[in-house]
Amino acid sequence: MNDEQRKWVYLFVLAFVWGSSFILIKKSLIGLTPIQLGALRTFIAGLFILAIGFKSVKKIKKHHWKYIFLSSLVGTLFPAFFFAYAITGIDSSVASILNSMTSLNALIVGTLFFGIAFKRIQLIGVLIGLVGTILLIIESSSLNPNQNYWFAIFVLLSSVGYSFNVNIIKKQLSDISAMSITVGHFIFLIIPVFLILLFSEFFMTLELTPEIKTSFGYLIILSIVGTGVAKIMFNKLVQISSPVFSTSVAYLIPIVAIVWGFIDGEKVSFLQLMAGTVILIGIYIVNKAK
């Protein structure tokens, strides 16, 4: 399988994994607070990644570390907490819809801060995808008028962070492996998130009730698959494609998340499905030309 084929496989696998992550966050929050979820998600993922890939740290050169540090903050640490807080105020499917702003933000950030050129057709595709996203937001807000949309700010902040992250990886970290980048992230993060858990008195107040055990089950899946494995795959996707292509996964994620939300009892309308189709058209146009 060549890189052109592989990038599409990665895109759709990541869309399914991260689209499923929103409902896993929602289920994990039943027995955990947002701060506990964010810290535990990062800590468990860190243990997993360091256990399977620590040897990859040897490939990281001195000049890489500052970029890996920045990437770990904006692409891993902050979003883990921001999404946990967001889903306490808005539906998981709505959060995933707002996250689809990432592709447009990546285009803007790449142009303004990293000097990465883009084609006019890519901008057209991103704008079409954005139209589909706006339709989804409008329809979702009408279906769920009682939600606190101020919590959407957390999703938008994560989206900007992801946009910087993909451009940092593409511009500064393309010469090392995706595993090395991911291992580097968790070398920086695993101790701080453990300290967050410690000072939040998580270990003192933990009671293994049936509710907590169920939340832990969802959290383990979220941490290992949705954070650990997916991070490696996404870092590789950025390296073999472009920031715009790799972040276009954010346009597919809402479709998966809406299906899970419907299964979980969240409202889904025909207009949401039509908007999802518009989003897919936008992704096709963005990636029509190499």
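Table for the structure above
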item	result
Region 3-286: relative contact order in percent, alpha carbon pairs under 8 Å with at least 6 residues between	41
Value of Rg/Rh across region 3-286 [Cα atoms, Kirkwood radius]	0.96
Peptides 203-209, 46-52, 18-24 ordered by average Cβ neighbours within 10 Å, highest first	18-24, 46-52, 203-209
Relative contact order, percent, region 48-187 [alpha-carbon distance under 8 Å, six or more residues apart]	53
Per-peptide average of other Cβ atoms within 10 Å, ordering 213-220, 99-106, 177-184 highest first	99-106, 177-184, 213-220
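Bear in mind these aren't lab numbers, they're just calculated from the coordinates by the rules spelled out. The structure displayed is predicted, hence computed values, not measured ones. Here Cβ is always computed from backbone atoms with ideal geometry, including for glycine, and neighbour counts include all displayed protein chains.
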